[in-house]
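All remarks here apply to the structure that follows.
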Amino acid sequence: DRDAVPDAVHPLFSSSTIRFLLHDLATGAWAPNAGTTIPYTFDQGTLPELPTVTLEPAGNGAVRLLEWNVLNDGLFETGKQPAFRRILQACDPDVIAFVEIYDHTAAQTRTLIESWLGGTWAALQVSDKIVLTRGTISNCWSIAGGRAGAFLLSPLGGFPADMLVIVCHLSCCSADAARQ
């Protein structure tokens, strides 16, 4: 909000112009050069109304796919489960691809998802990646040295063909070479 007053005394933006100076901590680079800034003046006009986005399915033959890095088996942490459950129920996915499930099996994950979303789900696992669908999964393969998994599935909902879902778990943090 351009009129924000975070401490109830000092406006966050005291004028219509702000200045940027970007610094890359990894390389030490500055943009623009150190000692100079990039000015930006807020447009004072009104913004157009944003379109309404719904979570309704796109239509016949559409498949809703959700990919989620659940951070170190977070899906199974009791304190986090209510939030996971609410989001999954709101999204109502046809296919789910979870990443970072290390200490639980595809069967355990399927049981949990069936208890939250109902119905019957198929599930297969490639290392820390688990894919679930309300349809069938006919095969899966480890690819990219185990960093990714390919899952061949037939989703429900009138989707006209089999689907190959590739789930990748890139290296994090400063592992740029491994990620590339």
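The values are calculated or read from the model by the stated rules, or taken from the named source; none is laboratory data. Given the structure is predicted, the values throughout are model-derived calculations rather than measurements. Here the Cβ positions follow ideal geometry from the backbone for every residue, glycine too, while neighbour counts run over all protein chains shown. What goes into the accessible areas is simple: the full protein's heavy atoms, side chains included, and nothing from ligands, DNA or RNA. Shrake-Rupley method; radii C 1.70, N 1.55, O 1.52, S 1.80 Å.
Just one of the numbered conditions (1) over 20 Å from residue 60 (Cα atoms); (2) crowded, with 20+ Cβ neighbours inside 10 Å; (3) free of Cβ contacts under 8 Å to residues at least 40 places away in the same chain is not true of residue 139; which one?
Every listed condition holds for residue 139 apart from (2).
Please name all residue pairs, on different chains or six or more residues apart, with Cβ atoms under 6 Å, provided the first residue is in region 81-103 and is at pLDDT 95 or above and the second residue is polar (S, T, N, Q) and surrounded by fewer than 18 Cβ atoms within 10 Å (Cβ to Cβ).
Qualifying pairs under 6 Å: 99/69; 100/69; 100/72.
Within region 16-61, which residues are exposed (fewer than 10 other Cβ atoms within 10 Å of the Cβ), touching a Ser or Thr at 6+ places or on another chain (Cβ under 9 Å) and among the hydroxyl-bearing types (Ser, Thr, Tyr)?
Across region 16-61, the qualifying residue is only 41.
Restricting to region 100-121, give me the number of residues that are open to solvent by less than 70 Å² (accessible area, probe 1.4 Å), touching a strand residue (DSSP E or B) at 6+ places or on another chain (Cβ under 7 Å) and either under 17 Å from residue 155 (Cα atoms) or among the polar types (S, T, N, Q) (or both).
Qualifying residue count for the region: 4.
Output the residue which, of all residues in region 1-28 that are under 30 Å from the mean Cα position of the chain (by Cα) and outside any loop (DSSP other than H, G, I, E, B), is nearest to residue 46 (Cα to Cα).
Looking at the filtered set, the residue picked out is 20.
Please specify each residue of region 153-170 satisfying the condition of being free of Cβ contacts under 8 Å to residues at least 40 places away in the same chain and over 24 Å from residue 73 (Cα atoms).
Result: 154, 161, 162, 164.
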